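A short worksheet on the structure shown next.
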Amino acid sequence: MTKRARSEGEETRSPGGPAVYFIDECLGRHRVAEGLRRVLGVNEVIETVPQGTPDEEWLVRAGEGEWICFSKDRRMRHRPNELAAIKRAKIGLITVGEANAEAHSALIARSIPLIRRARYSLKRPFVARLEPSGELRVLCNDGEMLKSPRLIKPKPSER
């Protein structure tokens, strides 16, 4: 089944509605989106915004729509204006490290079962780093930066 991207302005927030994923343009959206589409379920979609949309703008939309956002910009949580936007909009942000689009695509796709679980166990706003091992290192939960990051490991059924 082919997954579609939602059009701009289409409603994305509803209780018990679909899981909505957003891929920041810094990840090279096409390859990552292709990999993600292959593993998404029926009630999961990819949201898009126009190329060049400032982080502060898409972060607001992401919060309103309760999207799970993927970015390789690990510094977002250190920039005061972006951290404030993450907290204000109650974002669920997952960052990945430096790699090419194919590596990011493979990592995100194989980690979707873990990300689905984390979506329900973490309290927004949250920031987590998806490690190359497939583990999720939670750096911020419920708007609070954690002194010791919490590690969420994939279960055998999530590998």
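Among V32, V42, V20, determine the one that fluctuates most according to a GNM of the chain built with springs between C-alpha atoms less than 10 Å apart. Top of the fluctuation ranking is V42. Equivalent ellipsoid of the range 86-144: semi-axes from √(5λ) of the C-alpha gyration tensor, largest first, are 21, 12, 9 Å.
Given only helices, namely DSSP H runs of n ≥ 4 each adding -39500 (n - 2.57), what is the per-residue ellipticity at 222 nm of the chain, to the nearest 500 deg cm²/dmol? Counting only the DSSP helices, I get -10500 deg cm²/dmol. Counting 0.36 nm for each residue step from A84 to A106 and taking away their Cα separation leaves a gain of 4.9 nm. Distant-in-sequence amide contacts of L146, defined by a placed amide H-H separation under 5 Å and a gap of 5 or more residues or a different chain, comprise C140, N141.
Could you check what % of the DSSP bridge pairs in the chain are antiparallel, to the nearest 5?
So the antiparallel bridges in the chain amount to around 35 percent.
Between L83, L146, L93, find the one with the highest GNM mean-square fluctuation for the chain; connect C-alpha pairs within less than 10 Å. Top of the fluctuation ranking is L146. The count of lysine pairs in the chain with alpha-carbon distances below 27 Å, taking only pairs 8 or more places apart or on different chains, stands at 21.
Orientation-averaged projection of the range 54-105 equals 3.6 nm² [convex hull of Cα atoms, one quarter of hull surface area]. Once you reduce the range 141-157 and the range 36-61 to the center of their Cα atoms, the two points are 23 Å from each other. Within the range 36-52, name every residue whose backbone N is under 11 Å away from a label modeled 7 Å from Cα of E25 along the Cβ vector. Label zone hits: 49-52. Two tests apply to each whole DSSP H helix in the chain, Cα reach of 20 Å or more along its axis and mean Kyte-Doolittle hydropathy of at least -0.5, and the ones passing both are 101-121. In this structure the amide hydrogen of R129, modeled in the peptide plane, comes within under 5 Å of the amide hydrogens of T95, R137, V138, L139, none closer than 5 places in sequence on its chain.
Computed over the alpha-carbon atoms, the chain gives an Rg to Rh ratio of 0.92, Rh here being the Kirkwood radius from the mean inverse distance.
Between E98, E25, E47, the Gaussian network model of the chain with springs among Cα atoms under 10 angstrom shows the greatest mean-square fluctuation at E98. Each residue, E57 and R75, gets one label point 7 Å from its Cα in the Cβ direction; the gap between the two is 2.1 nm.
Read-outs: derived from the displayed coordinates by stated rules, not from any lab. From a predicted model like this one, the values you see are computed outputs, not experimental measurements. Cβ: placed from backbone, ideal geometry, glycine included. Neighbour counts: every protein chain shown.
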